């Protein structure tokens, strides 16, 4: 358990980057729903900080940094303002939101696992906390915009990179090999897995219904989502 | 307050049974929505463990067993896998999901109240925690699949058995009569109430609008839900 | 930090008033959705107490008063029963729900900020907690009834009064000027801002898409919401 993360001062930078790209994806979803500027800010806040707030509540860190640290709130709101001012044309949004989401997923599931481990949570709880940090913001974004969470029905693998990233971080920690470099490598692995799944349309198998019309229907709706 | 529960070692068995049947109902809902295997696992986890996680967060037990105890997570995922492999033909699902849900409701509202009492919560908080444990997973399942929670619009009584089970457990505790036998009886009472409500179509009264078309519309949508 | 709130005994009265009007708005939404009496009670409870429960969980007060204090639960249920028995004709509901919501917003964001400050939260966390207390119940109401939260897409300003109220309360606290009178004035300011926004259709700007049909569509859907 001799973790050797050399430069914890860089930790907030990693976390704030995750908040920023997560909040961008929230702001973009809000723009697409034609929310007003304040709705955009609220959704950017919820998407960028929601996963971390869930993590902190679950591991007993209150108040969570997502409501107590002005830097986190300012970064999330900044992302909302950026998306408000420079939102791309709507037809480009669908792809961009997925890539931003992949970046936030990667940064969050590694940093979330790490934070839980540092606070003394067991390995199982830390992996769970990391996964929830990674997917929580996106789930909140989708619920608040009236969508079924993308993590659930997205046939392009979404949960797998999160699980891989959280487990990888926990294993590195237990082995005492968690440095800024290996943590960064874990982030890259998660992001790469997710983007590869999007790019090559890697699909997780659907339920074994054996009902042909149902399969066809599912594939059709899947295509509409992406 | 001299509780005489003889065999607390059996407590996890009761809880794990609730997790398993709750997670089955979540997995089934995911199958019906044509989620992929990972969506099924996530929804099984959320449905089976969501109520308990809410309870633990509300009574200050962090990290909740639902994210920290690998047995609970494994049982929920096992239920997801079972539902993935052996999901019944879709037309049978509607009734089965309701009965599974009744079982989880019964097990959860009794064990949730009991856990809160054991941890020193007051009777009111324990009853609330028990009700939330009972209905929380199903609410989460419905929100995550884009449905209005069944506990709210379900005219076949749903909240009543949960309240009865939680109050009964708290009363037995205060009377010092809570044994494995009486706890089991409380579970049976809740399950029986819920199944009877489903079987005999016991209906809670709707709002007193006096608008005849509204009543008819409500009854019609109620029929569609079941 | 020398707060001079003279009569903290009145604090519960302010909070209970907020719970009552918040729960009325929840009960009304449930009536409009033709939920049964128990669905109405659950939604009244969730709307009236949801914001405060979120606040308590976020600032580490467990169990939250919303599940532990029978007076709060009784007041929320009473509001549900009142709405069940005396629900106005449905066509009047849309306006009334908005005014009730404004009252709850005002009471909650001031009392929520105050409670967090009293418990030692920093100013940023207290402002966040106050905003969440103010908008949390309404968000929960909208999610549970399958609507996109009104705080997000409501072009008539909603988040602004909450932010103003929470910041005002925190500033008064830091200045040592927070008395029952100034707290009441803050409540009036928030309520007035919100009602003025509704009355005069003050609109926050939507995203800068430059796509004319999108703007028109948004305005049209906004009109439908109100």
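Read the figures in this text as sums done on the coordinates, not as results from a lab. It should be emphasised that the depicted structure is a prediction, and the values quoted were computed from it without experimental measurement. Counting neighbours? That spans all protein chains shown, and the Cβs are built from the backbone with ideal geometry, glycine included.
With a cut-off of 8 Å between alpha carbons and a minimum separation of six or more residues, what is the relative contact order of segment A:8-225 in percent? Computed over segment A:8-225, the figure is 21 percent.
For segment B:102-169, dividing the convex hull volume of the Cα atoms by the residue count gives 74 Å³ per residue.
Residue ranges B:40-47, B:60-67, A:176-183 sort as B:40-47, B:60-67, A:176-183 when ordered by packing (mean number of other C-beta atoms within 10 Å per residue, highest first).
For the peptide C:123-129, the mean number of other protein chain Cβ atoms found within 10 angstrom of a residue's Cβ is 6. Extent along the principal axes, Cα only, for segment A:9-127: 45, 26, 24 Å, with the longest axis given first.
Hey, could you get me the Stokes-Einstein D for segment B:8-225, Kirkwood radius over alpha-carbon pairs, 20 °C and 1.002 mPa s, rounded to whole µm² s⁻¹? Translational D for this selection: 123 µm²/s. Applying 1/(1 + (r/R0)^6) with R0 = 51 Å to the Cβ-Cβ distance of residue C:96 and residue A:201 gives a FRET efficiency near 0.55.
A straight line joining the Cα centroids of segment A:115-169 and segment B:48-62 runs 18 Å. Each of residue B:71 and residue B:188 was given a label point 7 Å from its Cα along the Cα-to-Cβ line. The distance between the two points is 2.5 nm. With r as the distance between the Cβ atoms of residue B:181 and residue A:174 and R0 = 60 Å, compute the FRET efficiency 1/(1 + (r/R0)^6) and round to 0.05. Working from the Cβ atoms, E equals 0.85. The mean number of Cβ atoms from other chains found within 10 Å of a Cβ in peptide B:56-66 is 6, as a whole number.
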